[in-house]
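First up is the structure itself, then whatever we jot down about it.
Each reported figure results from applying straightforward, stated rules to the coordinates on display, with no laboratory input. All values derive from a computational prediction rather than experimental measurement.
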Amino acid sequence: MKYAIWFVRFWYVAWMIPAGIEHFYHIYPQPGAGTPHPLAAEMLSALLSTHLFDVVKAVELLLGLAVLFGFFTPLWLLACMPVAFCVFWWDAPLSNWSTNSVIAGARVLASNLLLCVAYIASLRAMFTLRASVAGAGKWVPVARVAFGALMLANGVNHFFLPLWPTPSGATALSAQLMTALVNSSLLDVCMLIELVAGVLILAGTFVPAALCTVMAVSTCALFWALLDQQPVTLALGLAAFALNGLLMLAYLPYYKGVLQRAPLTLGETDPHTSWNALFVQPGGRTSRAQFTVALVPLMLATAWYAVKGPAVDYAPWGVLVLVYPAVALHIGRLHDMGRSPWLTLVPAVLSVLAMLVWAGRISLGATLDATVPVAALVACTGLAAWCCRAPAHAEANSV
């Protein structure tokens, strides 16, 4: 189980980190730029104009780093779930269900979902059927009913009983974003979340999970209200966001699993053979057996990007991201073999040079440009094969 999870982690970080970096420092053409599908183009234009895309890409980058380095990973997976869903929505219905686009979006959403499942032990408390808040005072039930009623009223108003119109936006940016949300049906998704969350919160059922889910909508609503610059919408946006946040603080004990620094995933039973021990912290010893099985998902994820070669813009950057966990894994094994960890330097440098050549960032001349990727493959394969065969040394080499 854990090896399948590790493969998904490798693939996901190699996708998310370059995708996040690309927005702030252009390393390859933005996927979907100049898309022929009107709804996708309209949504992308609204996200860029309102700078909401900056937030999206920052979340992608931070999520990738958190998953790679095992830093509050469950928390960041939950924070990125709305982004992963919107990636799928943009790639599927908004892109006219183009096959390749749907597959790309589904991979992102499925990866986020699978990694959330991998941390189910950290998330389980959020799904307590009847969560109670001890010693929080009478304000919690009142706030819960008020917030649940507000969410339910918004959902009912949108789908069943239109008592007030959907705000169209008083400024150019708020109008542009609202139009894109309506035309893309993402507003329907948001209102459905509010409707279901409102019912659950009022009923006192799965309240921590409902509050966490609807927080993404509350945050976006506040963002839109700030764009709209109208006192009423701003007050409502602030009130909903504040109530949502305060209630989550009241139910904080149910989120403690999510707030762990480096929890284990499904299949991980020993911190010494976990993701963090093998791929993040290169100071320990990795046995030959541990190294060999851990190498497989890393090789498969690297191959997924490497076989695409320079023809696919994002592929070299995905391989570059995976250089770090590869180096960390080999250093642990070299320690166990009593060898110097500096032996990883040659294959690592060759791999970086090869990917930069493939990405068109540097050129070493026609001959070297063709030779360096082959040399990197040979060096990496040779080091990995040696580490798979060499016996352990009596004492670890920590130099």
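What number, rounded to the nearest 500 deg cm²/dmol, is the helix-based mean residue ellipticity at 222 nm of the chain, given -39500 (n - 2.57) per DSSP H run of at least four residues and division by all its residues? Show your work: numbers first, answer last.
Working: 15 runs with 271 residues, N = 399.
The helix-only estimate for the chain comes to -23000 deg cm²/dmol at 222 nm.
Using the Kirkwood radius over Cα pairs, work out the Stokes-Einstein diffusion coefficient for segment 1-100 at 10 °C and 1.306 mPa s, in µm²/s as a whole number.
On the way: Rh = 14.4 Å.
Once the numbers are plugged in, D ends up at 110 µm²/s.
Quick one: angle between helix 73-91 and the longest Cα principal axis of the chain, in degrees between 0 and 90, rounded to 10, please.
Taking the Cα atoms of the chain, the angle to 73-91 is about 80 degrees.
Under 27 Å between alpha carbons, and skipping anything fewer than 8 positions from residue 2 in its own chain: which lysines qualify?
By straight Cα distance, residue 2 reaches 256, 308.
On each of the three principal axes of the Cα atoms of the chain, give max minus min coordinate, whole Å, ordered largest first.
72, 52, 31
Nearest 10 degrees is fine. How inclined is helix 99-118 to the longest principal axis of the chain, computing both from alpha carbons?
That helix lies at roughly 90 degrees to the long axis.
How far, in degrees from 0 to 90, does helix 186-203 lean away from the longest principal axis of the Cα atoms of the chain, to the nearest 10?
70 degrees
Using the Kirkwood formula over every pair of different C-alpha atoms, what hydrodynamic radius in Å results for segment 271-389? Show your work: numbers first, answer last.
Working: mean 1/r = 0.0686 Å⁻¹.
Kirkwood radius, segment 271-389: 14.6 Å.
When the chain is modelled as a GNM with alpha-carbon springs shorter than 10 Å, which of 40, 125, 385 fluctuates the most?
Judging by the Gaussian network model, the answer is 385.
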